[in-house]
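Worksheet: one structure, shown below.
The values are calculated or read from the model by the stated rules, or taken from the named source; none is laboratory data. Note that the structure is predicted; figures quoted are calculated from it, not measured. Ideal geometry is used to build each Cβ from the backbone, glycine not excepted, and the neighbour counts take in all protein chains shown.
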Amino acid sequence: MPGFAIATATAVIVGQNLGAIKPDRAAEGVKLGLIFYGAVMFVVSICYYAYAAQLIWFFDPSGASVTTGVSYFQTVAPFYIIMAVSIILSFALNGAGDTQKPMYATLVSMIMIQIPLGYFLPQYFGLGITGIWIAVIVGIIIQAVLLGMMYRSGSWKRIAL
């Protein structure tokens with residue numbers, strides 16, 4: 001949740017500075033959002049990776065989901081920093097009034113890539129639950145790349161509302 005607060009603040013900074021015709025200051029706000037949220041997710045990733053079993057045991061004292069939970073945290077958590085990039089860039093574009101591009105990036109990365117991979121990798125490549133984790137990682141990376149390209153194009157600085 002602290003990360004979403006940082007992302008929301010980034011959107012507000014972008015919107016206010018574009019309204020004040022200060023696109024460079026808006027871009028600086030995005031950089032700060034990336035740094036702050038990246039730092040939060042770096043710490044979270046380390047904690048989830050290092051203390052995966054303890055976290056799962058806390059929420060499931062029966063131990064039934066420890067193996068799966070640890071597998072998830074230790075496979076996907078290192079990519080949470082990339083997820084932070086996606087969230088910040090998505091909120092930044094939204095703050096600029098460019099709301100369609102984040103929607104398209106999510107549509108492509110989640111619906112067209114992550115869900116089909118989540119089905120095919122375990123089913124046809126024998127990867128089991130690891131195939132689902134790989135699908136999540138690929139979706140995270142593709143979304144970050146798409147949003148990065150959209151952000152770097154700079155068209156968000158010229159949106160007229």
Of GLY19, GLY33, which residue is within 14 Å of the chain's Cα centre (by Cα), within 26 Å of ASP98 (Cβ to Cβ) and not hydroxyl-bearing (Ser, Thr, Tyr)? GLY33
Pull up segment 134-161, narrow it to residues that are of a type in the set (S, T, N, Q) and surrounded by fewer than 21 Cβ atoms within 10 Å (Cβ to Cβ), then point me to the one that is nearest to SER109 (Cα to Cα). SER153
Going by the conditions given, is GLY97 of a type in the set (Gly, Ala, Ser) and part of a helix (DSSP H, G or I)? no
Could you list, in sequence order, all residues of segment 91-104 that are touching a residue at least 40 places away in the same chain (Cβ under 8 Å) and of a type outside the set (D, E, K, R)? PHE91, ALA92, LEU93, ASN94, GLY95, ALA96, GLY97, PRO102, TYR104
Report whether or not ALA135 is at pLDDT 95 or above and closer than 21 Å to VAL14 by Cα. no
Just to check your reading of the model, which residue among ALA39, ALA77, ALA84, ALA50 is among the small types (Gly, Ala, Ser), over 27 Å from MET150 (Cα atoms) and modelled with pLDDT of 95 or more? ALA50
Would you please list the contacts, defined by Cβ atoms under 7 Å and residues six or more apart or on different chains, that run from a residue in segment 105-128 that is surrounded by 13 or more Cβ atoms within 10 Å (Cβ to Cβ) to a residue that is of a type outside the set (S, T, N, Q) and outside any helix (DSSP H, G or I)? LEU121/LEU127; PRO122/GLY128
